[in-house]
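Every number here is computed from the coordinates shown, using simple stated rules; none is lab data. No experiment lies behind these values; they were computed from the predicted model shown. Don't worry about glycine lacking a Cβ; one is built from the backbone with ideal geometry, like all the others, and counts go over all protein chains shown.
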Amino acid sequence: MKRIHDLWAVLKKAFLEWKDKDPFRESSVIAYYSIFSLPGLLVVVFTIASFFFSSEAVSGALHDQIAESM
């Protein structure tokens, strides 16, 4: 029971500290960095997936995913 109480105290403290830093104002910064990190991430995903599948299959799958999300 003490472990659950300790876990709750840690989670509560983490939430309060997170809330004090105004995360909603900082969300634009996270979105900005996310947009510019996606091309690099796609290169890594494409390279790793190409080891297991053909490049055409990976390219087609990525194209389908991007087209579907647009």
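Quick look at the values:
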{"quantity": "Ratio of the Cα radius of gyration of the range 12-70 to 2.2 N^0.38 Å, where N counts its residues", "calculated": "1.68"}
{"quantity": "Hits among lysines - C-alpha to C-alpha of residue 21 under 21 Å, sequence gap 8 or more where chains match", "calculated": "12, 13"}
{"quantity": "Extension gain, residue 33 back to residue 57 (0.36 nm per residue minus Cα-Cα distance, nm)", "calculated": "5.8 nm"}
{"quantity": "Added length on full extension, which subtracts the Cα-Cα distance from 0.36 nm per residue, residue 46 to residue 21", "calculated": "5.4 nm"}
{"quantity": "Backbone HN-Hα couplings from phi across the range 9-26 [Karplus 6.51/-1.76/1.60, Hz, Gly and Pro as x]", "calculated": "5, 5, 5, 5, 5, 4, 4, 5, 5, 5, 5, 5, 8, 6, x, 6, 6, 7"}
{"quantity": "³J(HN,Hα) computed for each position of the range 56-70 - Karplus, 6.51 cos²θ - 1.76 cosθ + 1.60, integer Hz, glycine/proline x", "calculated": "5, 5, 5, 4, x, 5, 5, 4, 4, 5, 5, 5, 5, 6, 6"}
{"quantity": "Modelled FRET efficiency - R0 35 Å, residue 10 with residue 69, Cβ distances, 0.05 increments", "calculated": "0.45"}
